[in-house]
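Engineer: Below is the structure I would like to discuss, written out as structure tokens.
The values are calculated or read from the model by the stated rules, or taken from the named source; none is laboratory data. Nothing here was measured: the structure is a model prediction, and the numbers come from that model. Cβ: placed from backbone, ideal geometry, glycine included. Neighbour counts: every protein chain shown.
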Amino acid sequence: MQGKGLQDTGKMDMPLPKQEHLLALKVMRLTKPTLFTNVPVTCEDRDLPGDLFDHLLKEDPSTVKGAELLNLGEMLTLPQNFGNIFLGETFSSYISVHNDSSQVVKDIVVKADLQTSSQRLNLSASNAAVSDLKPDCCIDDVIHHEVKEIGTHILVCAVSYTTQTGEKMYFRKFFKFQVLKPLDVKTKFYNAESDLSSVTDEVFLEAQIQNITTSPMFMEKVSLEPSIMYSVTELNAVNKGDEGISTFGKMTYLQPMDTRQYLYSLKPKPEFAEKAGVIKGVTVIGKLDIVWKTNLGERGRLQTSQLQRMAPGYGDVRLSLEAIPDTVNLEEPFDITCKITNCSERTMDLVLEMCNTNSIHWCGVSGRQLGKLSPSSSLHLSLKLLTSVQGLQSVSGLRLTDTFLKRTYEYDDIAHVCVVSSHLKPES
Amino acid sequence: MESCQPAPAFDPKEESSVIPDTTDEPSPHTLQTEVTANQEQETLFQGDNIDLGGDSFGSKDNEDISEDSPLSFMDRLNDQMMESVIISDSPNNSEDDAGELGCLQDIVSKSEDEEEHKAEVSLPRQEQSVVDADETEGVQVSRDASESSSIEQSSQEGQQNGKLEPQVSLEPAIKVTVENYDESMCKNQTSSKPPLKGDPIPVCTIFSQGNHPKSPVNSLPADYEPQIVKSPSFGGGLETPNKADSLNNIVQPSPSLIKFFRDGGSSSNSSASDFFDSFTSSFISVSNPNAGSPVQEQLSPQSTQAQTSSHDTAAPLFFLGDNPSDKSSATASSVNIPQSPKPFSQIQAAFAGSDDPFATALNMSEVDRRYDAWLPSEETMKILISIATQQYSTVFVDKEKLTMPGLKFDNIQGDAVKEVMVRFLGEPAATTRKVLTADMVEQSFVGLKQLISSKNWRAALDLTGRLLTAHGQGYGKSGQPTSHVTDSLQLWFVRLALLVKLGMFQNAEMEFEPFGNLDQPDLYYEYYPHVYPGRKGSMIPFSMRVLHAELPQYLMKAQDSLDRLHNMKAICLKILENLENGLAEDGSMINITSENRQASIELWRSRLGRVIYSVANCLLMMKEYVLAVDMYRSIIQYQPEQEPQLLSGIGRIFLQIGDTKTAEKYFQDVVKVCQKTENGQQNKIMILMNRAFLHLGQNNFTEAHKLFSEVLKIEPSNAVANNNAAVCLLYLGKLKESLKQLEGLVQQEPKRYLHESVLFNLTTMYELESSRSMQKKQALLEAVACTEGDSFNVQCLKLG
């Protein structure tokens, strides 16, 4: 087709009744064709119909030759109805203007617009006028549009032409359809628990993706595009040899209403990790990019809006653990290394107190001065303690007091250690 | 296309951490070009009201619309949309189905009323016919009696007498009793009392003696045109006893069908009946009580005497009654059974017998055992064993355990194509339509096959109805005691298969219902030791079990289908295990030659394959793709020759769910498998076809079209490739070319390519092409009328 042509000049104020138009406009949505399925009915040679049923199956052009029992055939059938259209899918439509009359029609302009609740888009491949259309001929156009809005869409097709007598004619047709939401996405953040991760501020993102359409959906890609601060590791495959084996097993698709959980681990990039201790409030993590396919490769793609996370509140002073053994012996002292960061805007003068709990006994002097700590700076602290109870024990009982403001910060449940008896002989 | 990223109108819900509403997220800027003149209106009508003005035409419409109230505007919009949106009806419109059914039920209930009425009216006539029968039968039986000189003959007759008596009443239990024959006969004679009107007491009887032509049917079941209808069991004929003589009545062979067709078919009445009987593979055909049996009348006192005298062993009497005291009245009334379908008694000794009857007999019994083998449930087994072992004592069989089928609807199906022709082409055009109807063929299996092969399944369905009615299992007979023969169950199978083929699933379900789970004792040969002496196994054909198992999935009860299919699968596996362990199919210790064992194993492996196919198809229907794929894969071991097709099919399944990568993997496997096998051309087509589908999955219609066209170069008449190439052309915006291709296909060989999928595509394109699609659809209808049978699914023409 040619490039942009000029717009039609003639206007009809009122569209004529349909039957008086020489041209007919027809629109059909082109969803992917479907494969014809048949209902195989068979019998055995000894049965009454003999080989009749088998013969009928073999003659039927829609059966698979050589495997007539297979009910999924190879015959393509055109879409039977408009169907549903979902956000992120491509709306394709055939627009045909046919000359129903017996006369040649001139200067035909076909224009297809899509009106959404927020905008109007021109979808025609060309707005050029076709100079003439002979009887029983068509002007065909296939339009495509990736749907980006939910809700009512109206396809507006306008046709203008000139009759042999020079009369300018014009009519329009409207096709309304609803765009629905295909997926339900829920996200949840997990802050890696104490331990070493707190150093790097690792965050886990669980994304629950639910298929809320009525057809199975093959998830071609679900990835997390991290914001500049983070790097991401996908945790949805187990690496075995070269190949990653999906944690979803053989189920490559989501049935209607099925939900699947995707897990991602996010780490602040080193340049941001330095400031990790002071990341506060809402941070942008990234967005999910989802590509799916349905019947015969009908493709859809969506991105979520930026996922945001409220950084865990660390208060004015953050105490994190740098090193801690996972298993310790009963009643034997062990060391832990703490990192104390001043997250406030002012300088602090800190005093450390260590309170024993039922199981945790701190070694060393309680109430020692840690000195002044300026904003955003941190200090490392090695502490010794022992436990008197076996099992998984919670490290608790640290208190920091800012002598300037006379404010005390309590740190309980900082970490867990597993306490075993060293004297216990395995065989006794 | 970075600029084409979908809008973030899509906000994930957040559970844990706070996520502020992102409505202030900028929507894509890229496509907002058209915001000059319309902007004001758009802001004005932001929300529900949308400006629909064809702004480039700058028409006054715009203003009109914006001035209009939203409501009236929407009205206008809807008005126009009503006529312009193409909403194609599916060819299997469920609404239509419902309509059809509803209508059907009306007819059913109406005919129910009518039937009662008719039963009363037709009574006198029936009595008349009883008299006729009396005369003819009397002559015949006495002749037999006089002939009964040979020992064989008399023992044969004795046996027949044993079955002659089974008397059935509508009581909840069946009792197999031993009884003094004379006594019961006397009762018969003495207590001929007024009939139980409309409530016939069925009598099981034999029918081998009727070699004299009887009066034609003069009273027919309600709603049928007078027709000579042959009951499966009434066709008897003189040849049976003769043959029995020569065969020593140990095994009951069924003469080969081919033989039948060779000499049969020319004289309609005779051969059909012969066919029917021979098909049963038993010489003694058991007529059904409900069919109205003339046997009681046949027995003149003299002949009764003669027969009972030769009857030295007391054969068990199948008596269906709640207590013996009812017997007399039951037997009495049975004498006066309304003779609804009078026996079609054209009996001719046309049957020649096979060349080597004895060999055939042995062979047949081997084949019978192989094909009929089945493993009844424990409960059913117990009953069958007690029948086999306790012939001389009473066996109670609960009525609930008996199979009492009957037609659930009896309206004539008619010709669907003709109906539509009358509506759209007018009466005169419709009269040109010529198809076979049930009236135009022989009222027998031959006619039935003729109707099926000419795709007149509706007529065939009507005919099965007639034949079953003649057998006493007609409309309204469900729940009434009856007896089964191989043929009647084959008829049921055909009928139910036709219902499924016609998509009348609900009807099929209704008529299947009396058969329960196909495991009732009276559906096994062992239940009729005297009709089928020595024969064991299921009377229900295996194909009927498959049909029964598959049916629920079409009625949204796929789980039931799976249950039934898995049950069948377990039995097939067990039978195979038995065979491999040196036992017979049913686990009994019978010597089987290795040849026969191998044949059995082959048969049961293929049956197992058939069941797994159904499981896989059912799973696919349930959209359980992973399981379905596993099942299809497992079929390969039973049907290795189908491996390429199965792998291609699995590939298409993946394509269907959108997993193009896995589909591709399977298609590559097909290529590998094809390299190993010969069959060059077919494989080449398959590979091309698969590649085309893959391109379809990647939205590349151009390439797909190229590949389908390549298939056509190899095989120009390939319907699938033709149709698919045409579909691709449409997606490429070439409607006219696409139409040309499809029309070409249909004109090329209408007999083959007037397939509903092709026609559906064609009519859809006609609708898209012009507003005068109706004419072209009517032309298609005419083409269909010339070649297609009455069961053609005219809905695919979308005539409205």
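Engineer: Collect the residues in region A:313-355 that are part of a loop (DSSP other than H, G, I, E, B) and over 46 Å from the mean Cα position of the chain (by Cα), keeping them in residue-number order.
Structural biologist: A:Leu330, A:Glu331, A:Glu332, A:Pro333, A:Cys355
Engineer: Where in region A:211-306 are there strands (runs of 3 or more DSSP E), lying fully within it, with 3 or more residues that are at pLDDT below 85?
Structural biologist: The strands (runs of 3 or more DSSP E) meeting that bar are A:237-240, A:243-246, A:282-294.
Engineer: Considering (1) of a type outside the set (Ser, Thr, Tyr); (2) within 8 Å of chain A (Cβ to nearest Cβ); (3) surrounded by fewer than 24 Cβ atoms within 10 Å (Cβ to Cβ), say which one B:Leu655 fails and leave the rest.
Structural biologist: It is condition (3) that B:Leu655 fails.
Engineer: What number of residues in region A:394-414 are of a type in the set (S, T, N, Q), closer than 14 Å to A:Gly367 by Cα and not in a strand (DSSP E or B)?
Structural biologist: 1
Engineer: Within region B:584-600, can one find any residue that is in contact (Cβ under 8 Å) with a residue 12 or more places away in the chain, of a type in the set (A, V, I, L, M) and part of a helix (DSSP H, G or I)?
Structural biologist: yes
Engineer: Name the single residue, out of those in region B:498-517 being aliphatic (A, V, I, L, M) and out of contact with any helix residue (DSSP H, G or I) (no Cβ under 6 Å at 6 or more places or on another chain), that is nearest to B:Ala459 (Cα to Cα).
Structural biologist: Selected residue: B:Met504.
Engineer: Yes or no: B:Ala663 in contact with a Phe, Trp or Tyr (Cβ under 6 Å, 6 or more places away or on another chain) and either more than 11 Å from every other protein chain (Cβ to nearest Cβ) or at pLDDT below 95 (or both)?
Structural biologist: yes
Engineer: Which number in (1) assigned to a helix (DSSP H, G or I); (2) buried (at least 21 other Cβ atoms within 10 Å of the Cβ); (3) within 12 Å of chain A (Cβ to nearest Cβ) marks the one condition that B:Leu780 misses?
Structural biologist: It fails just one condition, (3).
Engineer: Condition first: over 35 Å from the mean Cα position of the chain (by Cα) and not in a helix (DSSP H, G or I). Now tell me which residues in region B:669-693 satisfy that.
Structural biologist: B:Thr677, B:Glu678
Engineer: Name the single residue, out of those in region A:176-210 being outside any helix (DSSP H, G or I) and β-branched (Val, Ile, Thr), that is modelled with the lowest pLDDT.
Structural biologist: The qualifying residue modelled with the lowest pLDDT is A:Val203.
Engineer: Out of curiosity, is B:Gln443 in contact with a Ser or Thr (Cβ under 9 Å, 6 or more places away or on another chain) and farther than 22 Å from B:Val794 by Cβ?
Structural biologist: In short, yes.
Engineer: Scanning region A:152-189 for residues that are facing another protein chain (nearest Cβ under 8 Å) and of a type in the set (S, T, N, Q), which turns out surrounded by the fewest Cβ atoms within 10 Å (Cβ to Cβ)?
Structural biologist: Among those residues, the one meeting the criterion is A:Thr152.
Engineer: Need the failing condition index for A:Tyr94 against (1) buried (at least 20 other Cβ atoms within 10 Å of the Cβ); (2) more than 31 Å from the chain's Cα centre (by Cα); (3) within 9 Å of chain B (Cβ to nearest Cβ); (4) within 21 Å of B:Val758 (Cβ to Cβ), just the number.
Structural biologist: (2)
Engineer: Another one. Any residue in region B:603-613 that is facing chain A (nearest Cβ under 9 Å) and touching a strand residue (DSSP E or B) at 6+ places or on another chain (Cβ under 8 Å)?
Structural biologist: Taking every residue of region B:603-613 in turn, none turns out to be facing chain A (nearest Cβ under 9 Å) and touching a strand residue (DSSP E or B) at 6+ places or on another chain (Cβ under 8 Å).
Engineer: On to the next question. Does A:Ser131 qualify as being outside any loop (DSSP other than H, G, I, E, B) and either under 30 Å from A:Glu20 (Cα atoms) or within 8 Å of chain B (Cβ to nearest Cβ) (or both)?
Structural biologist: Spelling it out, A:Ser131 is indeed outside any loop (DSSP other than H, G, I, E, B) and either under 30 Å from A:Glu20 (Cα atoms) or within 8 Å of chain B (Cβ to nearest Cβ) (or both).
Engineer: Can you tell me which of B:Tyr632, B:Tyr666, B:Tyr613, B:Tyr638 is in a loop (DSSP other than H, G, I, E, B), touching a residue at least 12 places away in the same chain (Cβ under 8 Å) and not charged (D, E, K, R)?
Structural biologist: None of the other options fit; the residue is B:Tyr638.
Engineer: Could you tell me whether any residue of region B:680-695 is in contact with a strand residue (DSSP E or B) (Cβ under 8 Å, 6 or more places away or on another chain), within 11 Å of chain A (Cβ to nearest Cβ) and closer than 26 Å to B:Ala726 by Cβ?
Structural biologist: Yes: region B:680-695 contains one or more residues that are in contact with a strand residue (DSSP E or B) (Cβ under 8 Å, 6 or more places away or on another chain), within 11 Å of chain A (Cβ to nearest Cβ) and closer than 26 Å to B:Ala726 by Cβ.
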